[in-house]
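The values are calculated or read from the model by the stated rules, or taken from the named source; none is laboratory data. Keep in mind it's a predicted model, so treat the numbers as computed, not measured. Cβ coordinates were reconstructed from backbone atoms using ideal geometry, including for glycine residues, and neighbour counts include every protein chain displayed. Keep in mind that these areas ignore ligands, DNA and RNA; they rest on the heavy atoms of the full protein, side chains included. Shrake-Rupley method; radii C 1.70, N 1.55, O 1.52, S 1.80 Å.
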Amino acid sequence: MKQFIEKANVLIEAVPYIQDFRGSLVVVKLGGSVMESPENLLRLMSDVAFMRTVGIKVVLVHGGGKAISRAMEKAGIPPNFVRGLRVTDEQTIEVVEQVIKHEVNANILNLLNRNFHVLARPLHGDWILTVRKETGIDPETGATLDWGFVGTPVAVKNDSILQMADAGVIPVITPLGIGEEDGALYNVNADVAAVAIAKALRVRKLVFISDVPGLLRDVADPSSLISTLHVSDVAKLKAEGVIAGGMIPKMESCVEAIEAGVQRVHLVDGRMPHSLLLEIFTKQGVGTEIKADE
């Protein structure tokens, strides 16, 4: 009986948050090694289903880098990354499309529709994202970098996303886009795609789910988690080396989203059971929350 009472207390504690967030748009970006664990993925989808059931309009954006790498290895295509981005030629983009649409996306849809009985439908990025070909300059040689069919979103078609969300459907979006100049299919970094969509929709929350606890002052010490971070803190933490390596572009994306009107951005560890619900429906949270300056 004590356990039942504790469960009831948890539900009662969540009521104010449910009332506050009901009807709000929330973009959840799913990535990292958590997508490789069936157990973790199932728990995360149960959290997403709960959010939709209590009236939150969830928009799910997912990656799939590890699945793509496996498929490329099987096809005998050597991986090639430059400054963290996968070089994507014509042969590679075909593998990316096949895996991301028909393997990763289809699996997520199956979990949501069959296991948790919520309505989820595919909304592939090439239906809603217009992109510009990604290029850059090598800081060491000054040479122009070309990643092939890799793009950065320049426009988002909101109507399809909003129509699905308003109808109680969870759009499950693949990180793909159509080139603004050539009409070709492009690969898009899933973090970048999620930020573009969150900015276009001006969502209440943008949640990045990965395999790290959040932003740590000391990467070797999980207890050094920074629970709340203001936009003005980011530059200082970069200078101190707290924000370094792969966390730099992610934090820059978070700041970009906040400055564009997204109210809150969260970094959550998908390996923790029900971390998504704990971050949204409890006062303390379990990850890192980034918000505008007071």
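Annotations for the structure displayed:
- Taken over region 172-189, the residue count meeting the criterion of being crowded, with 24+ Cβ neighbours inside 10 Å, part of a strand (DSSP E or B) and either of a type outside the set (F, W, Y) or free of Cβ contacts under 8 Å to residues at least 24 places away in the same chain (or both) is 6.
- Look at region 141-167: where a residue is at positive phi and a partner is among the aliphatic types (A, V, I, L, M), sitting 6+ places away or on another chain with Cβ atoms under 7 Å, you get G148/V87.
- Candidates V192, V203, V268, V207: the one that is touching a His at 6+ places or on another chain (Cβ under 6 Å), touching a residue at least 40 places away in the same chain (Cβ under 8 Å) and within 23 Å of G64 (Cβ to Cβ) is V207.
- Residues of region 68-91 that are closer than 26 Å to V156 by Cα and touching a helix residue (DSSP H, G or I) at 6+ places or on another chain (Cβ under 6 Å): I68 alone.
- Residue within region 227-244 that is under 27 Å from M35 (Cβ atoms), in contact with a Pro (Cβ under 7 Å, 6 or more places away or on another chain), open to solvent by less than 50 Å² (accessible area, probe 1.4 Å) and assigned to a strand (DSSP E or B) present: no
- For region 1-23, the criterion of being of a type outside the set (A, V, I, L, M), open to solvent by less than 20 Å² (accessible area, probe 1.4 Å) and closer than 30 Å to D166 by Cβ is met by at least one residue.
- Residues within region 210-222 that are touching a residue at least 60 places away in the same chain (Cβ under 8 Å), of a type in the set (G, A, S) and open to solvent by 10 Å² or more (accessible area, probe 1.4 Å), tallied: 1
Residue-by-condition table, conditions (1) in contact with a strand residue (DSSP E or B) (Cβ under 8 Å, 6 or more places away or on another chain); (2) at pLDDT 95 or above; (3) of a type in the set (F, W, Y); (4) more than 14 Å from L25 (Cα to Cα):
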site: I173; (1), (2), (3), (4): yes, yes, no, yes
site: G177; (1), (2), (3), (4): yes, yes, no, yes
site: E181; (1), (2), (3), (4): yes, no, no, yes
site: N189; (1), (2), (3), (4): yes, no, no, yes
site: A194; (1), (2), (3), (4): yes, yes, no, no
site: I197; (1), (2), (3), (4): yes, yes, no, no
site: S210; (1), (2), (3), (4): yes, no, no, yes
site: V219; (1), (2), (3), (4): no, no, no, yes
site: I226; (1), (2), (3), (4): yes, no, no, yes
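- Checking each residue in region 246-287 for being in a helix (DSSP H, G or I), among the small types (G, A, S) and touching a helix residue (DSSP H, G or I) at 6+ places or on another chain (Cβ under 7 Å) picks out S253, A257.
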